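Just below is one structure, and these are the notes that go with it.
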Amino acid sequence: MSSSNINILDNNKLISEKVGYHLEEIILQIMNTKEIITIGLSGGSLIDMLASIVPHLQLPWSRIRFFFVDERFVPCTSDDSNYGSYQLKLFRQLPISEKNIIKIDSTLTTVEECAQDYQNKLEELFIGPDKSFDILLLGMGPDGHTASLFPNHSALNINKGLVTFVKDSPKPPPERITLTLNTINQAKYKIAVVAGENKSTIVKEVLQDKNRTYPIGQVENLVWYLDQAAASKLEII
């Protein structure tokens, strides 16, 4: 367990600030080497955290492309839509337009069609041989899932393509689009934000016991931001 990759903070406000400054530092480095910077967003409590800090960052907004690590196959007006939640809470605070946001087309007939369409859109972000995303912001569920990759689910084993689809998610809604594990691992910077005592057992198993059964435990070179509750079962690091 490398303490340099594990950050434990007292509350969500402090986590938000630290993640924000980390993001700013990474982006300012990347912008010296490439024109377009890609940032993958996850749902859950991360939305409110990012909404509280990202609008205050000094970033090259026109050069940033936001996309979604995973998304539910629901209308963008649904409460379950990650895009809808980010539009309501974060995007409208930023000096960006629709061209800065890559989202799924939930008007398509099937989740398979939606995944292929999203794959095509994401591929257009790449210029040259480098096919890896810059930054992924990940969460973790109490079962150890990240993105829409759930424990013991067949989607974990799909390595072809940037994205895949899920039709039987153990957590509703059942149909989802998600980056593959291989795509996640190829990203240059991966940040996990995890809060809550109900996640402390998985955090301990993954970080201390090196349990790679859980999807989050299979993400390589991950920088963790934890609150005290999520880190409560870890030994002193």
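What follows draws every value from the coordinates through simple rules; no lab data is involved. Remember, predicted model here, so these are calculated numbers, not experimental data. With ideal geometry, Cβ positions are generated from the backbone for all residues, glycine too; neighbour counts draw on all protein chains shown.
Once you list every other residue whose beta carbon is under 15 Å from the beta carbon of Lys18, what net charge do they have if Lys and Arg are +1 and Asp and Glu are -1?
Cβ neighbours under 15 Å give a net charge of -4.
Taking neighbour Cβ counts within 10 Å as the exposure measure, how do Arg212, Arg72 sort from fewest upward?
Going from least to most buried by this count: Arg212, Arg72.
Could you compute the net charge surrounding Val219? Neighbours are other residues with a C-beta less than 12 Å from the C-beta of Val219; K and R count +1, D and E count -1.
+1
For a Förster distance of 30 Å, can you work out the FRET efficiency between the beta-carbons of Glu197 and Tyr21, rounded to the nearest 0.05?
0.70
Scan segment 91-124 for GluC sites (Glu not before Pro) in coil per DSSP, keeping those whose Cβ has at most 10 other Cβ atoms within 10 Å, and list them by number.
Sites meeting the loop and neighbour criteria: Glu124.
Determine, for His56, His145, the number of other Cβ atoms within 10 Å of each Cβ, and report the residues in order from fewest to most.
So the residues, fewest neighbours to most, are His56, His145.
Does a label point 7 Å from the Cα of Lys34, set along Cα-to-beta-carbon, have any residues of segment 44-88 with amide nitrogen under 12 Å, and which are they?
64-65
Taking neighbour Cβ counts within 10 Å as the exposure measure, how do Cys114, Cys76 sort from fewest upward?
Neighbour counts put them in this order, fewest first: Cys76, Cys114.
Looking at Leu234, Leu90, Thr178, which one has the Cα that reaches farthest to the positive end of the dipole of the chain (charges on Cβ: Lys, Arg +1; Asp, Glu -1)?
About the Cα centre, the residue reaching furthest to the positive side is Leu234.
In debye, nearest 20: dipole of the chain around its Cα centre with unit charges on the Cβ of K, R (+) and D, E (-)?
Its charge dipole is roughly 240 debye.
Based on DSSP H runs of at least 4 residues, each adding -39500 (n - 2.57), what is the mean residue ellipticity at 222 nm of the chain after dividing by all its residues, to the nearest 500 deg cm²/dmol?
Computed ellipticity for the chain at 222 nm equals -8000 deg cm²/dmol.
How many angstrom lie between the Cα centre of segment 14-69 and the Cα centre of segment 167-237?
If we compute the Cα centre of each part, the gap is 19 Å.
Compute the distance in nm between two label points, each set 7 Å from the Cα along the Cα-to-Cβ direction, one at Asn157 and one at Gln208.
About 3.2 nm, to one decimal.
If you stretched the chain out fully between Asp168 and Thr77, how much longer would it get, using 0.36 nm times the residue separation minus the C-alpha to C-alpha distance?
Separation in residues times 0.36 nm, less the Cα-Cα distance, equals 30.6 nm.
On full extension of the chain, what length is gained from Ser97 through Leu125, given 0.36 nm per residue of separation minus the C-alpha to C-alpha distance?
8.5 nm is the gain from fully extending Ser97 to Leu125.
Could you give the nm distance between label points at Trp61 and Ser232, where each point is 7 Å from its Cα heading toward the beta carbon?
Spacing of the two 7 Å Cα→Cβ label points: 3.9 nm.
Net charge around Ile8, counting only other residues with Cβ within less than 15 Å of its Cβ (Lys, Arg = +1; Asp, Glu = -1)?
0
Using alpha-carbon pairs under 8 Å, 6+ residues apart, how would you state the relative contact order of the chain in percent?
23
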